[in-house]
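Accompanying notes for the structure given below.
Every read-out reported here was derived from the displayed coordinates using simple, explicitly stated rules and does not represent laboratory data. Keep in mind it's a predicted model, so treat the numbers as computed, not measured. Positions of Cβ are backbone-derived with ideal geometry, glycine not excepted, and every protein chain shown enters the neighbour counts.
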Amino acid sequence: MENFDFVCPTKIIFGKDTENRVGEEVKKYSNKIMLIYGGGSIKRTGLYDKVINSLKENHIEYIELSGVKPNPRLSLVNEGIKICRENNIDFILAVGGGSVIDTAKAIAVGVLYDGDVWDIFIGKSVIEKALPVGVILTLAATGSEASDSAVITNENGWYKKGIHSDLIRPQFAIMNPELLYTLPPYQTAAGAADIMAHIMERYFTNVRNVDLTDRLCEATLKTVINNVPLLMEDPKNYNARAEVMWAGTIAHNGLLDTGRVGDWASHKIEHELSAIYDIAHGAGLAIIFPAWMKYVYKHDINRFVQFAVRVWNVDLSFEDSEAIALEGIKRLESFFKSIGLPTSLKDAGINADRIEEMADKCTVNGKVTVGQFVKLNKDDIINIYNIAK
């Protein structure tokens, strides 16, 4: 096990009707805020009215910024930065899923940065301070409600990059599983794949003697695997929603990182896919992760055997170690298919005509490798995209 620091200060407010507490939570930080959300879904469900009423009851002035898209765009981040500066906004409330929260985090950093916020995303500068952010979560997927990360797409070249800092962890996250009842099945499924990918990025590590976090990863994976099919049958199953929602937070708040070094190659490979083709991030991960596994499993076949046996209940007497490992990968793919996700580029209607371009971007024109479990160069990534066809 490696040395580690673990910090996760986000206050979790979990359960039924908790969205009604948003005003009292926001008031602890500010009386003048930006309210940021996506499209019209929060208005159709009545959540918007609840939020506005709570803010008004607590005498909080707000300015709205809507229009956040999946794979959130830098242009809206820059618009939000401008609005916050012009109106002396000092707190941002994100009502939505990961795209809304990541946009809020990027704005929170950009408002206090003297320069182009994209500099931070491409490593030209570092985060030194950020406005506080609060969250009402409406989609279990990215874990951004308690994570130290945010990912934004720059339309100028369609680059998708992330930032990391404990300074951008939300101050609070309000999480009512009932707010997810109206999600389309595909969004629930893509969110589940995103959650599972966050766990698997950490699970496939070269660090030894991490049995506790191995078991935590396996338990969180199995929680998602057991409960998502229930949501496909009954979207209003509160208990299943609650289990998956909390799993999404645990998957990406840093707890499962402790003492180990994660991989993150699959995420970086998928970022290029969703940046160019605008596929849902979770759906892209359902395509890329099994392809990555097929390419690297021989690096540590025992870990893939452990994954197959502990997570997918593959029988240890199942031929040999390689057969067990491959069966685990097969069952992962089958699970994704069973909940309606693509597991190949063809399934997603992507003709894969820009594989070399994506591999170039992923490796900065072949200058860097990606991943820690196995360090992958440009040719490796091209091979993984080809497996994913």
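Here are the numbers for this structure:
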{"read-out": "Dipole magnitude of the chain about its Cα centre (Cβ charges: Lys, Arg +1; Asp, Glu -1), debye to nearest 20", "value": "320 debye"}
{"read-out": "Trypsin sites (Lys or Arg not before Pro) lying in DSSP loop within region 1-77, provided at most 14 other Cβ fall within 10 Å", "value": "Lys16, Lys28"}
{"read-out": "For a label point 7 Å along the Cα-to-beta-carbon line of Glu61, residues of region 132-147 with backbone N under 15 Å", "value": "none"}
{"read-out": "Per-bin percent of Cα-Cα distances, region 215-276 [10 Å]", "value": "19, 37, 34, 10"}
{"read-out": "Structure-based [θ]222 nm, the chain - -39500 (n - 2.57) summed over DSSP H runs of at least 4, per residue, nearest 500", "value": "-15000 deg cm²/dmol"}
{"read-out": "Folded to 0 to 90 degrees: helix 185-203 orientation relative to the chain principal axis, Cα", "value": "70 degrees"}
{"read-out": "Distance between region 1-69 and region 242-296 - C-alpha centres, whole angstrom", "value": "25 Å"}
{"read-out": "Rounded, prolate or oblate (a/c below 1.5 giving rounded, otherwise prolate when a/b exceeds b/c) for region 107-157 by Cα gyration tensor", "value": "oblate"}
{"read-out": "Whole-Å distance, taken between Cα centres, linking region 329-389 and region 128-195", "value": "23 Å"}
